[in-house]
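Asker: Below you will find the structure I want to go over with you.
The values are calculated or read from the model by the stated rules, or taken from the named source; none is laboratory data. Because the structure is a prediction, the values reported are computed rather than measured. Methodologically, a virtual Cβ is constructed for each residue, glycine included, from the backbone with ideal geometry; neighbour enumeration extends over all protein chains shown. Surface areas here come from the heavy atoms of the whole protein model, side chains and all, with no ligands, DNA or RNA. Shrake-Rupley method; radii C 1.70, N 1.55, O 1.52, S 1.80 Å.
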Amino acid sequence: MLIAVELDQVEAFVAIVRGGGFTRAAALLHLSQPAVSRRLELLERELGAPLFERTPKGVLLTEAGKTFLPHAEGLLSSMRDGIDAVRALRQPDRGTITLALVGTLASTTLTGCLQRFRDAHPRAELRIRTALSQEISMLVRRGDATLGVRYGADPHPEMRALAIYDEPMIVVCSPRHRLARRRRVAPAALAAEAWVAFPPRDGAFYDPYPWSLQNRLAACGLSPAEIIPIDSLTAQKRMVEAGFGLALVPESSVDEELRARTLRALPIPAMRVTIPVMLIHRRRAYLSGAARALIAELAAWPARTSSRGRRRHRDAIVR
């Protein structure tokens, strides 16, 4: 027999989790705090178990709360999908699409791809959120994002992943660096070099930039190496330009710097590596016509840029 759980009770529970407490949840839902507390009380009564443990520092999920959370988030995301599906029957080329993507990809030719989509679908509202790969998967699973573009696949059974690109990583240096004009660089020439790189993040299941660098350095016999941790791709490029070290960066993210010759690409075959870029969405999610058009645009993005990027990379090396 079904229990009498109301949607607004589930919404209150999820808001408390995301807000970290009742006060923030009340603000998110535009309700009074007693109203939020009452909804949670009714939900806990129906479920027959407390969902939160109250502490002086706030609330913590109980085992029951942790068990119920993914189902609650799935229920709310399914409801949003249903609403979007009905609205799309009346306005097939309108609606809101939230795209979550890794922040470093915003520095690449992906921005041109998104601009083409907006020009072709002016009645669709495209919202952009940036996050780490793991966070992007959470946003998509919860229904807070329609689509996600992240590094590496998401193994979750509710997710569907489409490989759209293998991002080439290249080694760059200052144009004043001693190796800047070499036509070919042996790994041994890098023995005394410092590297500017993202610091590894605690608990990250897949952290492609620091892992790729450490993997290549180890394969070339260059471990341990001096690593200068810089948690910003833009700051990394400026540091390399200033001569603080080398960096292993996405090829498409240094397009402007290579053309302006403020950075040089080093031809080091042993340091070549690619990072898979994946497009993800929930398997049972409703995808509007505009969302499907964005998927098609994202899938075509690498084909439009790869050959041009390879020519620029080759030209940057031989100059």
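Asker: Quick one: how many residues across the stretch 43-86 are in a helix (DSSP H, G or I) and open to solvent by 50 Å² or more (accessible area, probe 1.4 Å)? Steps first, please.
Answerer: Narrowing the stretch 43-86 to residues in a helix (DSSP H, G or I): 43-47, 63-86.
Next, from what is left, pick out any that are open to solvent by 50 Å² or more (accessible area, probe 1.4 Å): 45-47, 63, 66-67, 70-71, 75, 78-80, 83-84, 86.
Of the residues in that region, 15 qualify.
Asker: Please identify the pairs in which a residue from the stretch 104-128 that is farther than 16 Å from Tyr151 by Cα has its Cβ atom under 6 Å from the Cβ atom of a residue that is modelled with pLDDT under 90 and of a type in the set (Phe, Trp, Tyr), counting only partners at least 6 apart or on another chain.
Answerer: Cys113/Trp301
Asker: Suppose we filter Pro50, Pro56 for residues that are free of Cβ contacts under 8 Å to residues at least 24 places away in the same chain and in contact with a helix residue (DSSP H, G or I) (Cβ under 6 Å, 6 or more places away or on another chain); which single one remains?
Answerer: After ruling out the rest, the residue left standing is Pro50.
Asker: Could you list, in sequence order, all residues of the stretch 1-18 that are small (Gly, Ala, Ser) and either modelled with pLDDT of 90 or more or open to solvent by less than 10 Å² (accessible area, probe 1.4 Å) (or both)?
Answerer: The answer is Ala12, Ala15.
Asker: Here is a further query. Right, Arg38: charged (D, E, K, R), part of a helix (DSSP H, G or I) and within 30 Å of Arg150 (Cβ to Cβ) or not? Spell out the reasoning first.
Answerer: On the way: charged (D, E, K, R): yes; part of a helix (DSSP H, G or I): yes; within 30 Å of Arg150 (Cβ to Cβ): no.
For Arg38, the condition - charged (D, E, K, R), part of a helix (DSSP H, G or I) and within 30 Å of Arg150 (Cβ to Cβ) - is not met.
Asker: Can you run down the residue pairs with Cβ atoms below 8 Å, 6 or more apart or on separate chains, where the first is in the stretch 132-144 and farther than 10 Å from Arg282 by Cβ and the partner is of a type in the set (Phe, Trp, Tyr) and part of a loop (DSSP other than H, G, I, E, B)?
Answerer: These pairs meet every condition: Ser133/Tyr206; Gln134/Phe205; Gln134/Tyr206.
Listed here are the residues, each with its yes/no results for (1) among the hydroxyl-bearing types (Ser, Thr, Tyr); (2) under 20 Å from the mean Cα position of the chain (by Cα); (3) more than 22 Å from Ser253 (Cα to Cα).
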| site | (1), (2), (3) |
| --- | --- |
| Ala49 | no, no, yes |
| Pro56 | no, no, yes |
| Val59 | no, no, yes |
| Leu69 | no, no, yes |
| Ser78 | yes, no, yes |
| Thr98 | yes, yes, yes |
| Leu110 | no, yes, no |
| Gln115 | no, yes, no |
| Gln134 | no, yes, no |
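Asker: May I ask you to say which residue of Glu257, Glu241, Glu251, Glu226 is over 30 Å from His156 (Cα atoms) and in contact with a strand residue (DSSP E or B) (Cβ under 7 Å, 6 or more places away or on another chain)? Steps first, answer last, please.
Answerer: Values: Glu257 fails: in contact with a strand residue (DSSP E or B) (Cβ under 7 Å, 6 or more places away or on another chain); Glu241 fails: in contact with a strand residue (DSSP E or B) (Cβ under 7 Å, 6 or more places away or on another chain); Glu251 fails: over 30 Å from His156 (Cα atoms).
Just one listed residue meets the conditions, Glu226.
Asker: Let me ask something else. Quick one: Leu69 ticks every box in (1) under 16 Å from Gly19 (Cβ atoms); (2) touching a Leu at 6+ places or on another chain (Cβ under 6 Å) bar one, so which box is it?
Answerer: Just one mismatch for Leu69, condition (2).
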